[in-house]
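Worksheet for the structure shown next.
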Ligand code: MN
């Protein structure tokens, strides 16, 4: 049956894969909050292992680095959060941590851009975080490296420099919830499938961005991320 549409939507976002001609199509974007103890503390939050704190961004929020983006609208305090992104390549529901790594296609450098002022206002009132977290260009990602080429996440360093000055720098094994634990927990809530991205939380050192800034994110073994901030539209 031919379905007729009132209008055409843009094609969904895709991410480049290093060493591959084919691109990785994005289906959903999951993010976890407070996954490094020192970052939870710097935002004044308790550090616990009760359960990972999940939120989502729409695929329309994806921004493929390298990129130059306008300073986001509606905020006076937009922050960078450098994160390891896991790209899911298999299907799984109620997966055990021991089997979770079988779902991983690859990894990428990412930035969870956050309108901190909006997030904090929402937090204070017990409202949803959506406008603080899910906005255009808020899910920044660099090219994906297949897991086979990267190996397993362990003590590789994750870091971010702003205008050449290092602001965030930590080993990946400082995560409160490990990658297999995150995948297992998320799979209790969703049927995970290829195209699902997971932003795995940021280490300490988050801070504001401004027009004219250049952000450079690194995870040892992955394609670096470069993001330039242009004046607001
Ligand atoms: Mn984050």
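Of note, residue 215 does not satisfy the criterion of being surrounded by 21 or more Cβ atoms within 10 Å (Cβ to Cβ) and over 19 Å from residue 82 (Cα atoms).
Conditions tested, residue by residue: (1) under 18 Å from residue 223 (Cβ atoms); (2) in a strand (DSSP E or B).
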residue	(1), (2)
40	no, no
44	no, no
54	no, yes
73	no, no
94	no, no
108	yes, yes
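Pairs meeting the criteria (first residue in segment 110-125 and closer than 11 Å to residue 76 by Cβ, second residue assigned to a strand (DSSP E or B) and within 12 Å of the ligand (Cβ to nearest atom), beta carbons under 7 Å, at least 6 apart or on different chains) are 116/79. Within segment 68-82, the set of residues being surrounded by 15 or more Cβ atoms within 10 Å (Cβ to Cβ) and away from the ligand (no atom under 16 Å from the Cβ) comprises 69, 71. Taken together, the criteria place residue 10 among residues that are out of contact with any strand residue (DSSP E or B) (no Cβ under 7 Å at 6 or more places or on another chain) and away from the ligand (no atom under 14 Å from the Cβ).
Residues in segment 138-152 that are outside any helix (DSSP H, G or I), away from the ligand (no atom under 14 Å from the Cβ) and surrounded by 19 or more Cβ atoms within 10 Å (Cβ to Cβ): 142, 143, 144, 145. The one condition from (1) within 16 Å of the ligand (Cβ to nearest atom); (2) surrounded by fewer than 21 Cβ atoms within 10 Å (Cβ to Cβ); (3) modelled with pLDDT of 95 or more that residue 44 does not meet is (3). Please enumerate the residues belonging to segment 179-201 that are away from the ligand (no atom under 15 Å from the Cβ) and in a strand (DSSP E or B). Once the filter is applied, which keeps residues that are away from the ligand (no atom under 15 Å from the Cβ) and in a strand (DSSP E or B), segment 179-201 yields 192, 196.
Name every residue in segment 83-106 that is within 16 Å of the ligand (Cβ to nearest atom) and either surrounded by fewer than 24 Cβ atoms within 10 Å (Cβ to Cβ) or over 8 Å from the mean Cα position of the chain (by Cα) (or both), in order of residue number.
Kept after step one, since they are within 16 Å of the ligand (Cβ to nearest atom), are these residues of segment 83-106: 83-86.
Correct list: 86 only.
For segment 21-38, the set of residues classified as part of a strand (DSSP E or B) and surrounded by 20 or more Cβ atoms within 10 Å (Cβ to Cβ) consists of 24, 29, 30, 31, 32, 33, 36, listed by residue number.
Listed conditions (1) surrounded by fewer than 17 Cβ atoms within 10 Å (Cβ to Cβ); (2) within 16 Å of the ligand (Cβ to nearest atom); (3) closer than 19 Å to residue 224 by Cα are all met by residue 62, apart from (1). With the condition kept exactly as written, say whether any residue in segment 165-178 is within 20 Å of residue 89 (Cβ to Cβ), within 16 Å of the ligand (Cβ to nearest atom) and part of a loop (DSSP other than H, G, I, E, B). Within segment 165-178, not a single residue is within 20 Å of residue 89 (Cβ to Cβ), within 16 Å of the ligand (Cβ to nearest atom) and part of a loop (DSSP other than H, G, I, E, B).
Listed conditions (1) in a strand (DSSP E or B); (2) more than 11 Å from the ligand (Cβ to nearest atom) are all met by residue 120, apart from (1).
The values are calculated or read from the model by the stated rules, or taken from the named source; none is laboratory data. Just so we're clear, the structure is a prediction, and the values are computed from it rather than from any experiment. Backbone-built Cβ (ideal geometry, glycine too); neighbour counts: all protein chains shown.
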